[in-house]
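S.K.: This is the structure I have questions about; it appears just below.
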Amino acid sequence: MFQALVMLFVVAGHAHSGGFDGPFQLFPVASFHVAGFSFVSGYLYSDRHDPSPGPFILARVRRLLVPMLAIYGVYGLVTVALDAVFGFSFRGGVSPTSILLASFFAIGQFDLCNPMWFIAPFFLSESVWVLMRFALRGLRARREALPLALCLLLGCVAIVAGGGDGVPAGWPILVTRTLFMMPWLALGRWYGLAGDRLRAVPTPLFLLAVVLCKAAVCYTCSGSGAYAQYACRFPDGVAGTYLSTVLGIAFWWRVCEVASRRLGEASRRVVSAVGGSTFSIMCHHVTGFFLVNCLYCLAHAQASLFGRFDVASFRSQVFYQYLPHGIPQASVVYVVAGIALPLVVHRLYLQIESLVVSRARRLTGGVG
C-alpha cells in the first residue's frame, strides 16, 4: 500500500495539485518519494540473492533497463512526430546516442517521459547493493550492520557532492543519484528485519512524535525539507536531508499500515493494481496529462469552451495544466488520467506478453 500511496503522491506532485495540500506542507513529496521506492525494494529484498547476485541483476536488466530503453525510443519518435506534424516544441528526439544519454546521463530527459530519470540509478543502486552483500556475506556477525553503515556513508557522499547547487549532467549526475538511493535500500532491509520495536509503539504516539520531529527539522532548516534528487540538489545538508526523508517515510508508512488493515476487498484490488504498476505509472503519467490537455484543446477549438486555455503553452510545455476558473482542485483530472492511462498500458502489456509467451510455447511444443 505504501508503494501505491507514494506513486499517487508522485503523480499528484507532478500535477502541481494545489488541492492536495495539507500534510504535503509538512511532509512534501520531494522529501521522500524516490527514496520511498528504494525503501520498499530493500524491505522486500530476500537474502537468498546474497550468494549469487548474477540472476538478480539479470532479472533487473530485463525488468528495468530493456523496457526503459524501448520506452525512451518510442517517446523519442513520438516527440519528433509531434514536432513535425503538429508544431509542438517538446524537448527530445530520437537517435541511439540521445536515448542512451537521456536514460543515463541527462538532468532533463525527453519531456513526455521526464520522470523516468530514476530508472537507471535505481537499477545501478540495486546492483551495487546486491554485489556489496555478496562481498560481505562471510561476515555473518555484521551481515546487516556493515552494509547499512556503508550505504549511509555513500548517501552522505552524494548529499555533500550535490550540496545546494546540484551536480552537472553526465557521469556526476548518474553516480550521485545512484549513491543517494543506496541508504534507503539498506534502511528498508533493516526495517524489514528489525522494525518490530517501532511497530510496537502506539500509532497516535508514534505519529505525534514524527510530526513534532519534522516540525523541528523544518524550523532548523528554515524550510520544508524538500530537495531535488533528479538534479542532486540537497540544500539542507546531510542531517536535514536524512531526517526529512526518514520522517516522511515513517509517517506515511505507519498511515499505510493502519489503513491497510481496514481496506475492503475492492479497495485492496485498486491499491494492488496501482502498487503493482509503479513502473508503468512512472513512465507514462505525463502522457496522461498530455491527453487531458489534448481534450481541453479540442473542446477549446471546436466548441469554444475553456476560453482561457493557452494553446501556445500547451504546445511548448509538457507540464502545462489548465485549471477551469482557476480552481486548484481541478488538477484531480490530471491525477486521475496520470494513474488511469498507465494502468491501461500495463494491462495491455501483460495481455500481449501472455499471448506471445503462449504462442511461443505452442511453436516450441511446450518446452520452457
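S.K.: Quick one: if you take sqrt(5λ) for each eigenvalue of the C-alpha gyration tensor of segment 274-337, what semi-axes come out, biggest first, whole angstrom? Don't skip to the answer; put the middle values down first.
M.R.: Details: eigenvalues 111, 32, 19 Å².
One finds semi-axes of 24, 13, 10 Å for segment 274-337.
S.K.: How would Val10, Val157 rank on accessible area, largest to smallest, probe 1.4 Å? Mind showing how you got there, number by number?
M.R.: Details: Val10 5, Val157 75 Å².
Per-residue accessible area, sorted high to low, gives Val157, Val10.
S.K.: I need the fraction of alpha carbon pairs in the chain separated by more than 36 Å, rounded to a whole percent. Could you put the intermediate results ahead of the total?
M.R.: Values: 16914 of 67528 pairs.
Taking all Cα-Cα pairs of the chain, the fraction more than 36 Å apart is 25 percent.
S.K.: Which whole number of Å³ per residue matches the convex hull of the alpha-carbon atoms in segment 236-308? Don't skip to the end; give the middle numbers.
M.R.: Values: hull volume 13.4 nm³, N = 73.
Output value, Cα hull per residue: 183 Å³.
S.K.: Roughly to the nearest percent, how much of the accessible area of the chain is carbon and sulfur, given a 1.4 Å probe? List each step's numbers first, then the result.
M.R.: On the way: 12010 of 17830 Å².
Reported share for carbon and sulfur atoms: 67 percent.
S.K.: Now for a different question. Select from segment 293-368 those trypsin sites (Lys or Arg not before Pro) which occupy a DSSP coil region and have at most 14 other Cβ atoms within 10 Å, ordered by residue number.
M.R.: Passing sites in segment 293-368 are Arg308.
S.K.: Accessible area, 1.4 Å probe, largest first: how do Thr203, Thr176 sort? Intermediate results must be reported in sequence, preceding the final value.
M.R.: Details: Thr203 40, Thr176 10 Å².
Largest to smallest exposure gives the sequence Thr203, Thr176.
S.K.: Also, I was wondering about something else. Per DSSP helix of 4 or more residues, -39500 (n - 2.57); summed, then divided by the residues of the chain. What does that give at 222 nm, rounded to the nearest 500?
M.R.: Dividing the helical sum by the residues of the chain leaves -22000 deg cm²/dmol.
S.K.: Considering only protein heavy atoms, what is the solvent-accessible area of Val258 at a probe of 1.4 Å, reported in Å² to the nearest 10?
M.R.: We get 40 Å² for Val258.
S.K.: Which value, in Å² and to the nearest 10, is the accessible area of Leu131 when all protein chains are kept and the probe is 1.4 Å?
M.R.: Near enough 80 Å² of accessible area.
S.K.: Given labels modelled 7 Å from the Cα in the Cβ direction, how far is it in nm from Ser89 to Leu305?
M.R.: Roughly 2.9 nm, to one decimal.
S.K.: Please report, in cubic angstrom per residue, the volume enclosed by the convex hull of the alpha-carbon atoms of segment 169-230. Don't skip to the end; give the middle numbers.
M.R.: Numbers: hull volume 6.4 nm³, N = 62.
For segment 169-230, the hull spanned by Cα atoms encloses 103 Å³ per residue.
S.K.: Just to be sure I understand: with springs between alpha-carbon atoms less than 10 Å apart, which residue in Asp111, Asp236, Asp196 has the highest mean-square fluctuation in the Gaussian network model of the chain?
M.R.: Asp196
The values are calculated or read from the model by the stated rules, or taken from the named source; none is laboratory data. Bear in mind that the values here come from a model prediction, so they are computed numbers and not experimental data. Backbone-built Cβ (ideal geometry, glycine too); neighbour counts: all protein chains shown. Surface areas here come from the heavy atoms of the whole protein model, side chains and all, with no ligands, DNA or RNA. Shrake-Rupley method; radii C 1.70, N 1.55, O 1.52, S 1.80 Å.
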